[in-house]
Amino acid sequence: MDMNTIEAVVPTTDPAEWRDGDAWLAGGTVLFSYGSTVLKRLLDLGEAGWPAVTVSDAGIELAATCTVAELYALPGSDDVAGRKWPGLDLFRPCCDSFVASFKVWNMSTVGGNLCTSLPAGPMISLSAGLDATATILGPGGSSRTVPVATFITGDGQNSLAPGELLRSIHLPASALSANVAFRRLSLSNLGRSGVLLIGRRDADGGLVITVTAATKRPVQLRFTAATMAGPAALAAAVGKAIPAELYHNDIHGLPEWRRDMTLRLAEEIRAELLEERLTVSGDFWTGRPHATSPQPSAQPETTAQPETAQNQQQKEA
């Protein structure tokens, strides 16, 4: 998409250079998809030089300019080898949820997905589900951090003030160390996410379920080990936490369907993480390691394997 109102492209990472009519440019997959009739300058982060991924005992720091392809490669890299972080199992299903072209896969950024703030943004799902915090830079050298779960405030809305720049996203080791579960549903094969839930069973026994895609902003439900919910209590908690008007409504799913599927997938996650039973609905989460292809539609067909006890259990549950 041509943007014929652009007068300059300025390589910078300094929020002090921002002025009315500017937009930050990272991967550009949204800017150049939709275009603009009002922008005058693009502040280009392409030469920021920020390390895409930084791994430490405290967790994982993702630069806002980290691409989907770079994130997808992380679970199989030497950077995380030997770390007992089950949360890494969420990275590839969330990347697969883009259902992206080769160009988007290699250009779209984690930070861009958060700042676009669409309900179906899978980097929002991953970050919120792992209690990530976002570091935001402002004019005058200011800096603040905010939980990703509250950074997104609505459909296409977030808490960024004019001129502020999302610098990085921190995924804490405490959340990465938790047992996790993932569920995603779409109305069509390889379609945009209509419902995407991530569950965590933390070291203290607490249960966290994060609802995205179905809702206009992320919604988290937290239960301590002492107040662990059964199916009925969980359904009541979902109903209380998500009023009818918070469910998203577009061609990828009616609010009523999103509500019903949220209840269904939340119960599947609860039962899985409490080791009561395993029922798997949706895409990109089979309980087995992913193929190395970044595109699920390009993954090679596999020869049928003999029935296993787990497969039988999934069918019967």
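The values are calculated or read from the model by the stated rules, or taken from the named source; none is laboratory data. These numbers were taken from a predicted model, which means no experiment stands behind them. Methodologically, a virtual Cβ is constructed for each residue, glycine included, from the backbone with ideal geometry; neighbour enumeration extends over all protein chains shown. Just the protein is used for accessible areas: all its heavy atoms, side chains included, with ligands, DNA and RNA removed. Shrake-Rupley method; radii C 1.70, N 1.55, O 1.52, S 1.80 Å.
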Distance in nm between label sites at Asp14 and Ala241, each 7 Å beyond Cα in the beta-carbon direction?
4.4
Over the residues of the stretch 147-257, compute the C-alpha Rg and express it relative to 2.2 N^0.38 Å.
1.17
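Could you state the per residue volume, in Å³, of the convex hull enclosing the Cα atoms of the stretch 1-71? Provide the component values of the computation, followed by the final result.
Details: hull volume 7.3 nm³, N = 71.
So the per-residue Cα hull volume is 102 Å³.
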Over the stretch 21-163, equivalent-ellipsoid semi-axes from the Cα gyration tensor in Å
25, 18, 15
How compact and how long is the stretch 193-248, expressed as Rg and Dmax of its alpha-carbon atoms in Å?
11.6, 34
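So what's the convex hull volume per residue for the Cα atoms of the stretch 221-279, in Å³?
Working: hull volume 4.9 nm³, N = 59.
Each residue corresponds to 84 Å³ of Cα convex hull volume.
Want the number for Ala226 to Arg144: 0.36 nm per residue separation, take away the alpha-carbon distance, what's left?
Working: separation 82, 0.36 × 82 = 29.52 nm, distance 3.38 nm.
Result for the pair: 26.1 nm of gain on full extension.
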When you take every Cα atom in the stretch 63-139, what is the radius of gyration, and what is Dmax, the widest Cα pair distance, in Å?
12.6, 40
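What is the sum of charges, Lys and Arg at +1 and Asp and Glu at -1, for the other residues whose Cβ falls under 14 Å from the Cβ of Leu71?
Details: positive: Arg92; negative: Glu61, Glu70, Asp79, Asp89, Asp96.
Taking every other residue near Leu71 into account, the sum is -4.
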Heavy-atom accessible area of the chain with neighbours in place, 1.4 angstrom probe: carbon+sulfur share in percent works out to 52
Rounded to a whole number of µm²/s, how large is the Stokes-Einstein D of the stretch 175-219 at 20 °C and 1.002 mPa s, given Rh as the Kirkwood radius over C-alpha pairs?
187
List residues of the stretch 15-33, by number, whose backbone nitrogen lies under 19 Å from a label position 7 Å along Cα→C-beta of Glu47.
15-18, 23-28
The correct ranking of Lys216, Lys240, Lys103 by accessible area at 1.4 Å, largest first, is Lys240, Lys103, Lys216
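Compute the accessible area per residue over the stretch 136-204, keeping the other protein chains in place, probe 1.4 Å, unit Å².
Numbers: 2710 Å² over 69 residues.
Roughly 39 Å² per residue, with all protein chains present.
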From the Cα centre of the stretch 218-239 to that of the stretch 181-200, the distance in Å is 20
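Taking a quarter of the surface of the Cα convex hull of the stretch 114-210, what do you get in nm²?
Details: hull surface 27.7 nm².
Reported value for the Cα convex hull: 6.9 nm².
Sort 247-260, 123-136 by packing, meaning the average of other beta carbons within 10 Å per residue, with the highest value first.
Output ranking for 247-260, 123-136: 123-136, 247-260.
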Spatially proximal aspartates and glutamates relative to Lys84 (Cα-Cα < 13 Å; intrachain offsets below 8 disregarded)
Asp57
I'm spelling it out carefully: the read-out is Cα extents along the principal axes in Å, the candidates are (1) 54, 53, 38; (2) 62, 44, 41; (3) 70, 58, 34, and one was derived from this structure. Which label?
(2)
